[in-house]
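The values are calculated or read from the model by the stated rules, or taken from the named source; none is laboratory data. All values derive from a computational prediction rather than experimental measurement. In this analysis, Cβ positions are derived from the backbone assuming ideal geometry, glycine residues included, and neighbour counts consider all displayed protein chains.
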Amino acid sequence: MDTAVVGNLGTVPLGGLAVGGGLLAWAAALLNFLAYGTTARAARRAGAGDRAGAVAEGVQATWLAVALGVGVLLLFQVLAGPLTRLLAGGAGPVAEAGEGWLRIASLGAPLLLVSLAGNGWLRGVQELRRPVRYVLAGSLVSLVLCPLLVHPAGMGLPGSAVANVVGQALTAALFVRALAREGAPWRPRPSALRRQLVIGRDLLLRAAVLQVSFLVAAGVAARTGTASLGAHQIALQLFFFLALVLDAYAIAAQTLVGHALGAARKADARRTASRVVLWGLGTGVLVAVLLLALRDVLLPLFTDDPDVLGQAELVWWFLAGMQPLAGVVFALDGVLMGAGDVGYLRTVTIGSAVVGLLPLSLLAGPLGWGLAGVWTGLCLFIGLRLVGVLVRVAGDRWMDAPATVGA
């Protein structure tokens, strides 16, 4: 919604959203171990019959989220200008627009991370409907406010940031209320926080390399031209959106595998892996077909600039083509995370980024490949990850990975 509403303001606001939004998304994705790591630990405890211990993981993850969120907020308040100028390729209207958006939107960083932690422990105890309601409540508030603040209220691009913060505040409040109703002690426990950081370490490093790769790709697109950056923003936001859709199988797999292994039921864990591969592949094929069929309907929703549309039509083929592969990759990521095999995931993701995404993105500029080069690198990145996770799940070692759960 942000991209569609802001895209109709022009290419400069859209580029500013790409820069500022990319930096905030980078921080959130970098710290997504608050959700995935918490799910793995809580699921193991819940599978062993210890719901109170699973909820306690949520309490400690929430404390960690608040601390890290304040750090992200301070970082962006101090360095918003230099970071947006670096990503936009120097000072100019796009960097200035991105800086203004980021300073406002970063106020929601602690709220966003608290929601990640809340998703984590609720998934771990196999309560998936409440997180949906909480996220939908905040998202709907943001969806309503965004077009109103950007256009009728005349706030322009900053209105998008304000709408995001308001929605995030509501979602975070709902997650905190759910945790409070469990009656768990709220005291932070340094030993538990340290154990959460153990599994978080590998996920953090994995996410760091992944997000740096996306930032490099955005930087290359920015230097290709404003139209290329706008098209890249549209396609990348759709990629992230569809990744979250396909990640539904990863979340289900993570929870079910964690419960199965916590109860020493390895055969159930393997059956779960087989099922989510089929669902991920089938859904990925369906998404690809829909993207190609609806291209001429969807693209005009984001922009009416002919140059941006021309670049976006090129990228669209890459976006659609990678979906079947991504469906399987994301599903098996969830399987390995639920098993606690995050060290292997870290290595595969970093290797795929270093061999596939980063080289092609960096070469796209000097060799004149443009967005086609950047998105070829992204497709190769997904393909290499697919090979890595398929090889791992075909064996048995992933089911014997350390549980990273302690009292």
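On inspection, Leu179 does not qualify as more than 26 Å from Asp333 (Cα to Cα), free of Cβ contacts under 8 Å to residues at least 60 places away in the same chain and assigned to a helix (DSSP H, G or I).
Each residue in the stretch 230-285 was checked for being under 22 Å from Leu116 (Cβ atoms) and among the aliphatic types (A, V, I, L, M), and 15 of them qualify. When the stretch 317-344 is limited to residues that are among the small types (Gly, Ala, Ser) and under 20 Å from Thr38 (Cβ atoms), the one that is surrounded by the fewest Cβ atoms within 10 Å (Cβ to Cβ) turns out to be Gly343. The listed residues are Val198, Val209, and the only one of them that is out of contact with any helix residue (DSSP H, G or I) (no Cβ under 8 Å at 6 or more places or on another chain) and touching a residue at least 40 places away in the same chain (Cβ under 8 Å) turns out to be Val198. Condition first: within 20 Å of Phe240 (Cα to Cα) and out of contact with any Cys (no Cβ under 8 Å at 6 or more places or on another chain). Can you find one or more residues in the stretch 69-87 that meet it? Scanning the stretch 69-87 turns up at least one residue that is within 20 Å of Phe240 (Cα to Cα) and out of contact with any Cys (no Cβ under 8 Å at 6 or more places or on another chain). Considering Ser352, Ser361, the condition of being closer than 19 Å to Leu236 by Cβ, of a type in the set (S, T, N, Q), at pLDDT below 90 and part of a helix (DSSP H, G or I) is satisfied by Ser361 alone.
From the list Leu345, Leu332, Leu314, Leu360, which one is farther than 17 Å from Val257 by Cβ, of a type in the set (A, V, I, L, M, F, W, C) and in contact (Cβ under 8 Å) with a residue 40 or more places away in the chain? So that I can check it myself, show each step before the final result.
Numbers: Leu345 fails: farther than 17 Å from Val257 by Cβ; Leu332 fails: farther than 17 Å from Val257 by Cβ; Leu360 fails: in contact (Cβ under 8 Å) with a residue 40 or more places away in the chain.
Leu314 is the lone residue from the list that is farther than 17 Å from Val257 by Cβ, of a type in the set (A, V, I, L, M, F, W, C) and in contact (Cβ under 8 Å) with a residue 40 or more places away in the chain.
Name, by its number, the condition in (1) at pLDDT 90 or above; (2) of a type outside the set (S, T, N, Q); (3) surrounded by fewer than 17 Cβ atoms within 10 Å (Cβ to Cβ) that does not hold for Gly90. So Gly90 meets the others, but not (1).
Applying the criterion of being surrounded by 15 or more Cβ atoms within 10 Å (Cβ to Cβ) and of a type in the set (Val, Ile, Thr) to the residues of the stretch 68-87, the residue that is nearest to the chain's Cα centre (by Cα) is Val72.
Within the stretch 95-131, take every residue that is of a type in the set (A, V, I, L, M) and closer than 20 Å to Gly338 by Cα and give me the one that is surrounded by the fewest Cβ atoms within 10 Å (Cβ to Cβ). First the steps, then the outcome.
Filtering the stretch 95-131 down to residues of a type in the set (A, V, I, L, M) leaves 95, 97, 102, 104-105, 107, 109, 111-114, 116-117, 122, 125, 128.
After this cut, where a residue has to be closer than 20 Å to Gly338 by Cα as well, the list is 116-117, 122, 125, 128.
Values: Leu116: 24, Ala117: 32, Leu122: 27, Val125: 21, Leu128: 14.
The extreme case among them is Leu128.
Please indicate, with yes or no, whether at least one residue in the stretch 368-385 is touching a residue at least 12 places away in the same chain (Cβ under 8 Å) and under 26 Å from Asp268 (Cβ atoms). Looking for residues that are touching a residue at least 12 places away in the same chain (Cβ under 8 Å) and under 26 Å from Asp268 (Cβ atoms), one finds at least one in the stretch 368-385, hence yes.
Does Leu357 satisfy the condition of being more than 27 Å from Leu197 (Cα to Cα), buried (at least 22 other Cβ atoms within 10 Å of the Cβ), out of contact with any Pro (no Cβ under 7 Å at 6 or more places or on another chain) and not basic (Lys, Arg)? I'd like the intermediate steps shown before the answer.
Numbers: more than 27 Å from Leu197 (Cα to Cα): yes; buried (at least 22 other Cβ atoms within 10 Å of the Cβ): yes; out of contact with any Pro (no Cβ under 7 Å at 6 or more places or on another chain): yes; not basic (Lys, Arg): yes.
Criteria met by Leu357.
Residue by residue, here is whether (1) surrounded by 24 or more Cβ atoms within 10 Å (Cβ to Cβ); (2) within 24 Å of the chain's Cα centre (by Cα) holds:
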{"site": "Gln254", "(1), (2)": "yes, yes"}
{"site": "Ala264", "(1), (2)": "no, no"}
{"site": "Gly282", "(1), (2)": "no, yes"}
{"site": "Leu291", "(1), (2)": "no, yes"}
{"site": "Val297", "(1), (2)": "no, no"}
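Taking the criterion of being surrounded by fewer than 16 Cβ atoms within 10 Å (Cβ to Cβ) and modelled with pLDDT under 85, the only residue of the stretch 374-400 that qualifies is Asp400.
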